[in-house]
1. If you check every pair at least six apart or on different chains, which have Cβ atoms under 9 Å apart with a residue in the stretch 10-25 that is surrounded by fewer than 23 Cβ atoms within 10 Å (Cβ to Cβ) and of a type in the set (Val, Ile, Thr) first and a residue that is at pLDDT 90 or above and not in a helix (DSSP H, G or I) second?
2. If the requirement is being free of Cβ contacts under 8 Å to residues at least 40 places away in the same chain, touching a helix residue (DSSP H, G or I) at 6+ places or on another chain (Cβ under 9 Å), surrounded by 13 or more Cβ atoms within 10 Å (Cβ to Cβ) and not in a loop (DSSP other than H, G, I, E, B), which of these qualifies: LEU215, LEU186, LEU141, LEU160?
3. Mind listing just one residue for me: the one in the stretch 163-183 that is in a strand (DSSP E or B) and among the acidic types (Asp, Glu) and, of those, nearest to the chain's Cα centre (by Cα)?
4. Mind listing just one residue for me: the one in the stretch 56-78 that is part of a loop (DSSP other than H, G, I, E, B) and of a type in the set (Asp, Glu) and, of those, farthest from PHE100 (Cα to Cα)?
5. Which one is farthest from LEU42 (Cα to Cα) among residues in the stretch 163-183 that are out of contact with any Leu (no Cβ under 8 Å at 6 or more places or on another chain) and surrounded by 12 or more Cβ atoms within 10 Å (Cβ to Cβ)?
6. Can you name the residue in the stretch 93-112 that is in contact with a Phe, Trp or Tyr (Cβ under 8 Å, 6 or more places away or on another chain) and assigned to a strand (DSSP E or B) and is also nearest to VAL229 (Cα to Cα) among such residues?
7. Would you pick out the residues in the stretch 185-219 that are more than 24 Å from SER109 (Cα to Cα) and among the hydroxyl-bearing types (Ser, Thr, Tyr)?
8. Return yes or no: is TYR153 surrounded by 15 or more Cβ atoms within 10 Å (Cβ to Cβ) and either aromatic (Phe, Trp, Tyr) or in contact with a His (Cβ under 7 Å, 6 or more places away or on another chain) (or both)?
Amino acid sequence: MQAVNNVPYGQGYFQRRYRDEHETGGLFLQKATHDLDVVNNLLGMRPVEVCAMISKVVYRGDEPEGMRCDKCPKADSCTESPKNLKRYFNEERWDLGCCFAKDTGNEDSGSVLARYPNGLHCVYTQNFVVRKKAACRKIRLVGYRGTLEFDWYTNQLSVLMHDSGITETIDFTSGDAWHWGGDAMLTESFANCILMGETSVAPLEAGMDSVLTCLAARASAKERRFVCVEDFRNW
């Protein structure tokens, strides 16, 4: 399995409340957890061991600690200033922390290699420095007879046949729904659990599994070694 998330709004993790990695736990825990949750759900199991690596090569610098955009003398020229970001987003907030200050936390890219109980492995990569059409969020399940690929940004599921070379594509429409309609589905499932005793489509155990995976990945990146996911069960 191969998964990638190239985030086009990544500066938000370095300007707003997410920028304090000591409070949020880093971007494996804040972002990768969602994609690894999907991976675990598709495979129907949690990984037993992970190896991870992170890097921070863009969102770092020598600007003073505590620097904010409304106090910065470089607001006109900085690529991440509210003035310039307004070209990409429909807002202009000046109370943002500096992406290039000494106290800016979080990695700006990271990768996880996860091994599952049946021997299958998944490689996942995320980064936070892309923009516009470079955005990408995909999952690929590679088999012997064919490959399945789902693309969040195009809302397409593709089935690529290895033998015939035929590709079948299914289009989905999520409209303007938050998180591609996921929020509405989770809310409906929760209500049905309470009102009608149905089984949740996303039980708490599934969320804990992805969190354990991310905690193990964070430890692996820090300690530069393979880490057993189960070691974090009682963390």
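1. THR24/GLY105; THR24/ASN106
2. On inspection, the qualifying residue turns out to be LEU186.
3. That would be ASP171.
4. ASP76
5. Going through the qualifying residues, I end up with ALA177.
6. VAL112
7. THR187, SER189, THR199, SER200
8. Values: surrounded by 15 or more Cβ atoms within 10 Å (Cβ to Cβ): no; either aromatic (Phe, Trp, Tyr) or in contact with a His (Cβ under 7 Å, 6 or more places away or on another chain) (or both): yes.
No, not satisfied.
The values are calculated or read from the model by the stated rules, or taken from the named source; none is laboratory data. Computed from a predicted model, the values in this text were never measured in an experiment. Counting neighbours? That spans all protein chains shown, and the Cβs are built from the backbone with ideal geometry, glycine included.
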